[in-house]
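S.K.: First, the structure itself, so that you have it in front of you.
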Amino acid sequence: MKRLPVLCLLLWLCALFYAGIYLFVSGFLLVRLEVNRTSGCDDVLQPSGARRDFCGAEPRFRRTLLLVIDALKIDFARFDPDNKSPRPYENKLPVLEETASRRPAHARLYSFRADPPTTTMQRIKGFTTGSLPTFIDLGNNFASTAILEDNIIHQLGNIGKRLVFMGDDTWENLFPNKFQRSLPFPSFNVKDLHTVDNGILQHLYSTMVGEDWDVLVAHFLGVDHCGHRFGPDHPAMGQKLTQMDGVIRSVMERLQNDTLLVVMGDHGMTDTGDHGGESQKETDAALFLYSPTPLFPGPPSQSEPEVVPQTDLVPTLSLLLGAPIPYSNVGQVLLPLFPAEGQTEGAVTGLSQLEALWVNVKQVNRFLETYSSMARDIPSESLAALRDHFSRLSATYLASSPASSPASTRELVESMQAYLSSVRETCRATWARFNPLKMAAGLAVLALACLLCFLVSQASGALAAGGRGLLTVPLKDPVFDSLRCASLLSDSYVIAEGRVVTFLLLSLGLFVPVRLNWEGRLLPPLHDPQKPPAGLLPPAPPPAAVRRESYVLLGCLGLLVGGAYLSSCFHACREEQGACQPSPFLAPLARLQDSRRKNLQYVMSLAALGLWTYLLRRWLRHYGNLNASGGAVLAARWVLPLVAVCLGLHWAVSGTPEDSFRNLAELIGVAQVALPRAAFALLGLGMALLWADPITVFLKTRGPAPGRGSHAAAIPPLPPRYRASTGISPHAELQHLIPQIYQRMRRSLEDSEQMGAGEVDTRPAVEAYGLGTGMAMSFLLLLLEMGALLHIHASATSLAGLQGAHSGDFSVPWTPVVLWSLASSQFFHATGHLATFPSIQWAAAFVGFPGGHAGTLLPASLVALNTFSSHILFGVACPLLLFWPLVCEDDAEDAVMEMRLRENPQQFSSALLQLSTRYLTILGAQVLASVCAAAVLRRHLMVWKVFTPKLMFEASGFLVSSVSLLVGVSLVMRVDLAVGRWFRRLLPDATR
Amino acid sequence: MNVNPRREDNCFSFFPSTFNLRSFCIPIMWDHEIKAMASSHAIIASSVFMATVVPAVFIRGFSVYGTHLLWLSSVTGAVSVVNVAVFWLLGISQPTKKHTIGYKLSRLVRSCLYLLLSCLFYHTVVVLYGAPLIESALETFSLAVLLTSLTTLRCLCVLGPNVQAWIRVFSRHGAMSVWDTSLQITVACSVIGAWLGAFPIPLDWDRPWQVWPVSCSLGSVIGYLTGLVVAPAWIHFHRKQLTYKCK
Ligand SMILES: [Zn+2]
Ligand SMILES: [Zn+2]
């Protein structure tokens, strides 16, 4: 067979997929490095450069009230008295413009521009850190959402402000334990317009009039939810905005002189009420500042900005409240809030414009230096220009004196502002911009790869079938796969993915016998006397055989259905699934309190493990005896049971409560390290032996045959039908000898195949046990279901063959391949995994390494093995689909079985290629669908919560699956090679 | 020469005995059957509508979503009764060779047994597909009964209590009369309708018809109605290609 071309073609196709995924992801996922440093009160950022206690100075405001109205678009805040027929969302917040125009020294309304991604979580991060958060902020802990970067909440708490929070519970996740008092309300249900708002209103006024707070954050969600539910152009939005108007009015009445009121939206919304992207409708929110004491020197001047970037809030608030500016801030202070140089207003204390800007510039420069020393993603030429600008600025500033002319001061201020803006723009270009070109290119490459894969599978199928069927496009089978792909475009289906996949798997499984029956192959054909005599048609198959095969098919279907149903006991729950109870098997054994349940679960897991080892061994025995002395046979004999023993012992050890055997603590500690490592080592050894020596397994049993040469009769257990014909002539002997040898050979071939699957089978279980021994049962189900699938495929093929419809080639139809891929995603869920980052089972990294790791490669691969165990298993075992129908022809007339493949190397390689490309096509189509979902729905409410994690998981699942598919294919080729070599050695003997 | 004695009876019972059996397969003759089928299907379909409309007049608060179980049982009852009556009147259903009471009784008992088994079968399948196991068992079982009345009952009416024949009908060359073809179409439509009905359930639209099992039972009833309409039309337009093994 052609090994190299097939492997190269597959590799090339995979590489094409990887390239597409990489292109898309690099354009879609904005990545930024987090700087984990915090500013302090004694930083040398003071205007004069002299050290002075920054936080000790009297701040301009003692208290601030931050009213965040989610999705408060700037259009909502505008008031146009000439508008006689306002839309539902127009002119509903008159209080803002009214106050701003009547009391210009006290209030201002700005347009508050957000940076993409315009989702609430990223925005809260943005206007508290002053930075430009992306979807992935590297350095962040994946398992928790807490903000580790320096932020204003941290700084305010640090200088002794008492913080109170009420509203959207996202804050509570972002700033755990930062608030003195916190009243979070669930933000998840988008349908619910009032719970959060009413919850806030119950407490807001009573808290305000009290004296036990310095910073009060209230985050209203009603407007945003109203937008998602009805869109902005709906009477409900009018009501909601009117309510907010009343809230702002009552808050302003209760404000005291030392308090600054900030009313702001975190982002806007599109005309359909969504957000997340970068269109101006989504980015432009409203910002309203108000204080009972004069805040601004006078009415808005010409030089005042219309649009304020969201990053600018952080430095402004910090300096107004007397806190250091957070370390990673790239915003600039809002100048109108600070008195200009020379304007002496006796009542106002604090920094002047120039001083504030200088503090700001030094902080931004410090951040820029730190960041550029950590990451390389800012272009060096713009970095050099910025450095140059800063050194000029500092020289000018330090040379200037309070007595310098207003003109030169203004020049300096403008230069500082220009510096800050250019830093911000540089950062923005690096972090906060989707790259639509790259995204489109990635999509195109992926689509091309899918199409190519499909075409290759069609072409190789046609090759295998001898030129037939090149143009026949399958219509029925991919319906299920396209349903699966379509389901990836809806957030509800992605959330319920485990059940959706099971549903489709069952449907397709049940569809197999229905279609067989439709084609009249499930039952023995009715004896029809009117038919032409038997000579013209292939002889009718024996009804008994057909019936038996049908029963086997239905039995396996029952096994499949039962397995799929039971496997839903092992599902975990997403946070979006309200009434879902996670599987009790997910809890580690050591955490179970009830000792009876613990014992029961342990015994059940052990039983599953035992049964599973037994089944594999049984299968190996079925296709040969395990008593040779070769390395691989030894491995096959001993590795599996030994691994099982290790696992069982380890479960017992890790399940025992720590304080129950105090005197054995040391031993337990050793066992916890040694046992899993032994299991890993054994598995590695088994794999290595298998790879090095895939065929010698059964040389011993064949020993007599090559030794005695052409005496075919000497081969010990000769089936009678061959014995009858041997010994007539050497030629005839040879003719029959080869099938004989084939028959032996297929045992070893099958054995190695099966071992390939078996070995890998064990490995993820090793990973799984650290988290829940219950998963052993899930893996048993997986094994059973895999077997059932293979057998369904085999029975269907043989039924087709029995009734004369078999085309004689080896091509695997779409249905079993689709079933295979569905089962692989189903078991991803049935091993307690979900397509969300918090659900990754990190504990797997510490199995056998309780003390932690030095590097990142080993824990990463352990976690990947744990997460994608089902992808790996189904990927490696995929070539079995090709062999199984041939293996199951046990008692057909000429039982050469999968040796038929060796007789037709051309067909063998094209069938293998076809199978692999079909599998790749299906997996690739799924990746394409989730990529499309992420690209098309990037404004969707759920894009960062549902679609992007799904995309990441789908892409990495594809990576793992394709690599393991390649491993499986190359294993088959390795076996084929070994068989060929062995055969060449044998043949001269036989012809002699 | 005739393979299937049931067909023979069927032909005789439907047409006067003067007809030659071979003429049964000539397309012209089908027009009568298609007309008979269309009118019987119209009666069955109208029974579904009546079962939806009439209780609304008599029972206060009756609605398809609100009192779903009531609607389900009314539709199930109406479809069952009308089906049995129509097929009995048309005489499609009895391959009665023996006219003994005992034979008829055993057929009746077997039919009831099959109906019960079919309900249990559908219930199991629906649960395997992901319906809650315990909580809404009554709803699930009502759906199973509805599906039985839409599919199995029709099989019973057309083919009698003969599972082998049921299985054989659902193969490409298994239909032996226009009634068999219409059976294929209606059964497939109702099952596919129920299957499609499961699709909107996970969506977060919060509509009353997304509650289990409303969408599935609605889907199966709509599928059934579609099948009733499609079957005569399809047979009418494909009557040239249709050849039944009727010798
Ligand atoms: Zn928001
Ligand atoms: Zn929103």
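Here, each number is a calculation from the coordinates, and none is a lab measurement. What you see is a predicted model, and the numbers here were worked out from it, not measured in a lab. Counting neighbours? That spans all protein chains shown, and the Cβs are built from the backbone with ideal geometry, glycine included.
S.K.: When the label point is put 7 Å from the Cα of A:Leu977 along its Cα-to-beta-carbon vector, which residues of the stretch A:951-968 have a backbone N closer than 15 Å?
M.R.: Residues A:967-968 fall inside that zone.
S.K.: Give, as ranges by residue number, the residues of the stretch A:901-942 whose backbone N falls under 19 Å from the point 7 Å along Cα→Cβ of A:Arg984.
M.R.: Counting only backbone N, you get A:902-906, A:909.
S.K.: Return the FRET efficiency for the residue pair A:Ala444, A:Ser482: r is the Cβ-Cβ distance, R0 is 22 Å, and the value is rounded to the nearest 0.05. Show your work: numbers first, answer last.
M.R.: Details: r = 20 Å, r/R0 = 0.90.
The computed FRET efficiency comes out at 0.65.
S.K.: Based on the Cβ-Cβ distance from A:Tyr551 to B:Leu120, what FRET efficiency comes out when R0 is 22 Å, to the nearest 0.05? Before the final figure, lay out each step's value.
M.R.: Details: r = 20 Å, r/R0 = 0.93.
Calculated transfer efficiency: 0.60.
S.K.: For A:Ala579 and A:Ala681 in one chain, what is 0.36 nm times their gap in residues minus the Cα-Cα distance, to one decimal in nm?
M.R.: My answer for the length gained is 32.5 nm.
S.K.: Between B:Asp204 and A:Val963, how many nm apart are label points set 7 Å from Cα along the C-beta direction?
M.R.: 3.3 nm
S.K.: Continuing with the same structure: Multiply the residue gap between A:Ala459 and A:Trp638 by 0.36 nm, knock off their C-alpha separation, and tell me the result in nm, one decimal place. Can you show the working numbers first?
M.R.: Details: separation 179, 0.36 × 179 = 64.44 nm, distance 4.33 nm.
Here the segment from A:Ala459 to A:Trp638 would lengthen by 60.1 nm.
S.K.: Roughly speaking, what is the centre-to-centre gap between the stretch A:903-971 and the stretch A:214-248 when only Cα atoms are used, to the nearest Å?
M.R.: Taking the Cα centre of the stretch A:214-248 as reference, the centre of the stretch A:903-971 is 43 Å away.
S.K.: Still on this structure, I have one more. Measuring from label point to label point, each 7 Å out along Cα→Cβ, what is the B:Ser73 to B:Ser46 span in nm?
M.R.: 2.7 nm
S.K.: Also: With a point put 7 Å past each Cα toward its Cβ, work out how far A:Gln256 is from A:Leu11 in nm, to one decimal.
M.R.: Result: 7.4 nm between the two label points.
S.K.: Also, I was wondering about something else. Please list A:64-70, A:35-41 highest first by mean number of surrounding beta-carbon atoms within 10 Å per residue. Present the calculation step by step, with values, prior to reporting the outcome.
M.R.: Numbers: A:64-70: 24.4, A:35-41: 16.7.
Answer by packing, highest mean first, reads A:64-70, A:35-41.
S.K.: Here is a follow-up. Let me check I have the definition right: for the stretch A:379-460, take the eigenvalues of the Cα gyration tensor, multiply each by 5, take square roots. What are those semi-axes in whole Å, largest first? Numbers along the way, then the final one.
M.R.: Numbers: eigenvalues 594, 24, 6 Å².
Result for the stretch A:379-460: semi-axes of 55, 11, 6 Å.
S.K.: Next up: How far is the Cα center of the stretch A:159-191 from the Cα center of the stretch A:63-134, in Å?
M.R.: 21 Å
S.K.: Something else now. Cα centroids of the stretch B:46-91 and the stretch B:199-216: how far apart, whole angstrom?
M.R.: 22 Å
S.K.: Please grab the % of Cα pairs in the stretch B:23-237 that end up more than 26 Å from each other. List each step's numbers first, then the result.
M.R.: Numbers: 8575 of 23005 pairs.
Tail of P(r) above 26 Å: 37 percent of Cα pairs.
S.K.: Moving to a separate point now. Within 10 Å of each Cβ in B:198-206, how many Cβ atoms from other chains are there, averaged over the peptide? Can you show the working numbers first?
M.R.: On the way: counts 3, 5, 1, 4, 12, 5, 10, 2, 1.
So the per-residue partner count for this stretch is 5.
S.K.: Then there's this: Using a Förster distance of 60 angstrom, determine the FRET efficiency expected from the C-beta separation of B:Val54 and A:Arg249, and round it to 0.05.
M.R.: Working: r = 57 Å, r/R0 = 0.95.
It comes out at approximately 0.55.
S.K.: Can you check what the net charge comes to around A:Leu4, using other residues whose Cβ is under 14 Å from the Cβ of A:Leu4 (Lys, Arg +1; Asp, Glu -1)?
M.R.: Counting the neighbours of A:Leu4, the net charge comes to +2.
S.K.: Once you have the Cα-Cα distance between A:Arg103 and A:Asp233, take 0.36 nm times their residue separation minus that, and quote the gain in nm to one decimal.
M.R.: In short, 43.7 nm is gained.
S.K.: Under 11 Å from the Cβ of B:Pro232, count the other residues' Cβ atoms, weight Lys and Arg +1, Asp and Glu -1, and hand me the total. Could the numbers behind the result be given before it?
M.R.: Values: positive: B:Lys35, B:Arg239; negative: B:Asp31, B:Glu33.
The answer is 0.
S.K.: Here's another thing I want to ask about it. Which percent of Cα pairs goes in each bin when the distances of the stretch B:147-195 are cut into 10 angstrom slices starting at zero?
M.R.: Once binned at 10 Å, the Cα pair distances of the stretch B:147-195 give 27, 61, 12.
S.K.: Sticking with this structure for a sec: Using a cut-off of 15 Å between beta-carbons, work out the net charge of the residues near A:Arg938 (Lys and Arg +1, Asp and Glu -1, A:Arg938 not included).
M.R.: Values: positive: A:Lys281, A:Arg433, A:Lys438, A:Arg939, A:Lys945, A:Lys950; negative: A:Asp115, A:Asp274, A:Glu278, A:Glu282, A:Asp491.
Around A:Arg938, the charge tally is +1.
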